[in-house]
1. How many of the residues in the range 4-33 are within 17 Å of the chain's Cα centre (by Cα) and exposed (fewer than 11 other Cβ atoms within 10 Å of the Cβ)?
2. So in the range 222-231, with the set limited to residues that are in contact (Cβ under 8 Å) with a residue 24 or more places away in the chain and assigned to a loop (DSSP other than H, G, I, E, B), which one is nearest to residue 186 (Cα to Cα)?
3. Taking the condition in contact with a helix residue (DSSP H, G or I) (Cβ under 8 Å, 6 or more places away or on another chain), surrounded by 12 or more Cβ atoms within 10 Å (Cβ to Cβ) and assigned to a loop (DSSP other than H, G, I, E, B), does residue 234 pass?
4. Any residue at all in the range 188-200 that's touching a residue at least 60 places away in the same chain (Cβ under 8 Å), surrounded by 14 or more Cβ atoms within 10 Å (Cβ to Cβ) and more than 22 Å from the chain's Cα centre (by Cα)?
5. Out of the residues in the range 128-150 meeting the condition of being in contact with a helix residue (DSSP H, G or I) (Cβ under 9 Å, 6 or more places away or on another chain) and at pLDDT 90 or above, tell me which one is surrounded by the fewest Cβ atoms within 10 Å (Cβ to Cβ).
6. Only residues that are touching a residue at least 24 places away in the same chain (Cβ under 8 Å) and either within 19 Å of residue 80 (Cα to Cα) or touching a helix residue (DSSP H, G or I) at 6+ places or on another chain (Cβ under 6 Å) (or both): list them for the range 201-215, please.
7. Return the residue satisfying two criteria in turn: it lies in the range 196-210 and is in a loop (DSSP other than H, G, I, E, B) and touching a strand residue (DSSP E or B) at 6+ places or on another chain (Cβ under 7 Å), and of such residues it is nearest to residue 78 (Cα to Cα).
8. Would you check which residues across the range 66-103 are crowded, with 19+ Cβ neighbours inside 10 Å, assigned to a helix (DSSP H, G or I) and over 13 Å from the mean Cα position of the chain (by Cα) and list them?
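The values are calculated or read from the model by the stated rules, or taken from the named source; none is laboratory data. If you're wondering where the values come from, they're calculated on a predicted model, not measured in any experiment. Here Cβ is always computed from backbone atoms with ideal geometry, including for glycine, and neighbour counts include all displayed protein chains.
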């Protein structure tokens, strides 16, 4: 498996002169933000100006190591919340629900259980390997037919460039109008419709515990999936597993 993945390695550099993981292909103009902006719970600039960052204080991270920065960057792009004019949310909106199958046989079995059927991908098609499709104008939405299935896992709604000093991330430059995703259905998320034939909408967990009423619509879809659909990964597991038992991790 390490040999199979070796061809993808150049696409996952956090620093360097070439393409950078989940970052704009070219340098971005603008003053860098503190690296803590990559953490969704961080106080925004307005909260800091108003001295309202009581529960989550500013200045938590002066610098991030490259591994931590990569994980924070991935989480920020995959779950991007609303952030003001031109700051796009993720293709599932801010704070989406994810459902992961856990067969209980270790990390590899957990990862493989929700990998969609398909064929080996080409790293050159990943969004950060090409100039960013910006979204300043109407009609600039990006639809599934314009990308590859891998983009569901590696979306880039935010335009970002990490600032590196001595091997650490000390800032993040952000510009508005990243990729504006439309009509994408994420394989890890259950969806619902307001009425039959309407656009599928990603489910978002409510605060507090997940009760039976909520759980039922996460693991069981209605007749033919007309109003609710379980995550595609869950349906694939049902087809692949030959009745094997597994746990379901629900997160969001």
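1. Count: 0.
2. At the first step, the residues of the range 222-231 found to be in contact (Cβ under 8 Å) with a residue 24 or more places away in the chain are 226-231.
Subsequent filtering for residues that are assigned to a loop (DSSP other than H, G, I, E, B) retains 226-227, 230-231.
Details: 226: 17, 227: 16, 230: 11, 231: 8 Å.
Going through the qualifying residues, I end up with 231.
3. Details: in contact with a helix residue (DSSP H, G or I) (Cβ under 8 Å, 6 or more places away or on another chain): yes; surrounded by 12 or more Cβ atoms within 10 Å (Cβ to Cβ): yes; assigned to a loop (DSSP other than H, G, I, E, B): no.
Taking the combined requirement at face value, the residue does not satisfy it.
4. Of the range 188-200, the ones touching a residue at least 60 places away in the same chain (Cβ under 8 Å) are 188-190.
Narrowing the set further to residues that are surrounded by 14 or more Cβ atoms within 10 Å (Cβ to Cβ) leaves 188-190.
Adding the requirement that they be more than 22 Å from the chain's Cα centre (by Cα) leaves none.
Looking for residues that are touching a residue at least 60 places away in the same chain (Cβ under 8 Å), surrounded by 14 or more Cβ atoms within 10 Å (Cβ to Cβ) and more than 22 Å from the chain's Cα centre (by Cα), one finds none in the range 188-200, hence no.
5. Taking the range 128-150 and keeping what is in contact with a helix residue (DSSP H, G or I) (Cβ under 9 Å, 6 or more places away or on another chain), we get 128-130, 133, 142, 144, 147-148, 150.
Of the ones still in play, those that are also at pLDDT 90 or above are 128-130, 142, 144.
Values: 128: 20, 129: 16, 130: 11, 142: 22, 144: 15.
Restricting to residues being in contact with a helix residue (DSSP H, G or I) (Cβ under 9 Å, 6 or more places away or on another chain) and at pLDDT 90 or above, the top hit is 130.
6. Keep residues of the range 201-215 that are touching a residue at least 24 places away in the same chain (Cβ under 8 Å), which gives 202-205, 210, 215.
Listed by number, the residues that qualify are 202, 203, 204, 205.
7. Taking the range 196-210 and keeping what is in a loop (DSSP other than H, G, I, E, B), we get 196-200, 203-210.
Next, from what is left, pick out any that are touching a strand residue (DSSP E or B) at 6+ places or on another chain (Cβ under 7 Å): 200, 203, 210.
Working: 200: 19, 203: 15, 210: 22 Å.
Filtering the range 196-210 for residues that are in a loop (DSSP other than H, G, I, E, B) and touching a strand residue (DSSP E or B) at 6+ places or on another chain (Cβ under 7 Å), the one nearest to residue 78 (Cα to Cα) comes out as 203.
8. Residue satisfying the conditions is 69 alone.
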